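Coordinate-derived values only; no laboratory data. Fair warning: this is a prediction, and the values are worked out from it, not measured in the lab. Here the Cβ is made from the backbone with ideal geometry for all residues, glycine too, and neighbour counts use every protein chain on show.
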Amino acid sequence: MISSSLISFILSLIAYYLPNWKSVQLRSTSVPISISEDNPIDPLIRSEVDKYYDILYRRGEIHSYGLLTRCIAGGECGRNLLPSFHEINYGLCHNVKFHHQCIFSKSLFSLKKCTCQRPSYINITRILLNIILTIQILFIFVNLLRLYCHHCQTSSLSDIRFRIIAIVSTLFSTVFLILIIIQQNNNRRTEPLEFFHAMHHYYSRTQIYKFSNDLELIIKQIKQDLDINLGVSYICIMFTLVLTFICFLISSTVEINPRSKVDDDEKISEHNAVLMQAPAVERFIPFEHIQFTRQTRV
């Protein structure tokens, strides 16, 4: 059980720091051209989409996303950040240049109206994963105490208390791991589509329905053209969930009773009895091995 919890802890650390929860690649299909064949796209919207693909999502590039970083396969790595701004500052902050700067620039220009923040689901995942790592350390410590109390000669620390702590900790870890998996599955397209979702939201609010309808078609087409694969970090969390559930079952069923002094005294008495019987066994000589000395008559 301790070995399983240690493996779970290591896998959780790997999932936390590796930038590979998912990998996203845009297929070779040109989204604006394929849409414009049947539905003419406004030139202003098309120019924004073309800039986005020329700078951020070039064809053939594979983008991997982590809780802290975002990398391009064979290229540079940046931070998993997205532009954040109030709607009245849309014209100032919403552009491909600032989007690129949030991710890859080491020194952001200081604009109070335009900031860079992690996606909300990333913050939730980080908080839950930090709690899980803390719980896993507690679980390891509790099980070490259970083993210690099994060898010590005291009955003041009952194993049932440690079992309850272990059961509750693994139960919470299981629930939090499931929440993390749900968050990751529901937000697989968040980073690639956030740029267009912000545009669609702005033009819908300002009631420019032509632009809004064009963006709905673009977003729908991009969803179909995105190739999304699960990464190593996600797989580590899946294995952690399985191991945590196994620890929960073991903690619920296995009870470790401490050794009492009475049991040790009984074992010592049995051992002494065996030692006391040993000389009697050595003095016993089989009849056929007895040799009689020859007596001579005088």
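Miscellaneous remarks
- Residues whose placed amide H lies under 5 Å from that of Ile62, excluding near-sequence neighbours: Ala73
- Peptides 222-231, 132-141 ordered by average Cβ neighbours within 10 Å, highest first: 132-141, 222-231
- Table column - 3J(HN,Hα) (Hz), the range 88-104, Karplus curve with 6.51, -1.76, 1.60, x for Gly and Pro: 5, 9, 4, x, 7, 9, 8, 7, 5, 4, 5, 4, 5, 5, 4, 8, 10
- Taking 0.36 nm per residue of sequence separation and removing the Cα-Cα distance, the Gln207/Asp54 pair yields an extension gain of 52.2 nm.
- Residues Asp225 and Leu133, FRET efficiency given R0 of 51 Å [Cβ-Cβ distance, rounded to 0.05]: 0.90
- Taking amide hydrogens as placed 1.01 Å from N in the peptide plane, the amide H of Leu82 sits under 5 Å from those of Gln117, Arg118, each at least 5 positions away in sequence or on another chain.
- The length gained by stretching the chain between Thr190 and Ile246 to full extension, at 0.36 nm per residue less their Cα-Cα distance, is 16.9 nm.
- Sorting 10-23, 200-213 by their mean Cβ neighbour count within 10 Å, with the most densely packed peptide first, gives 10-23, 200-213.
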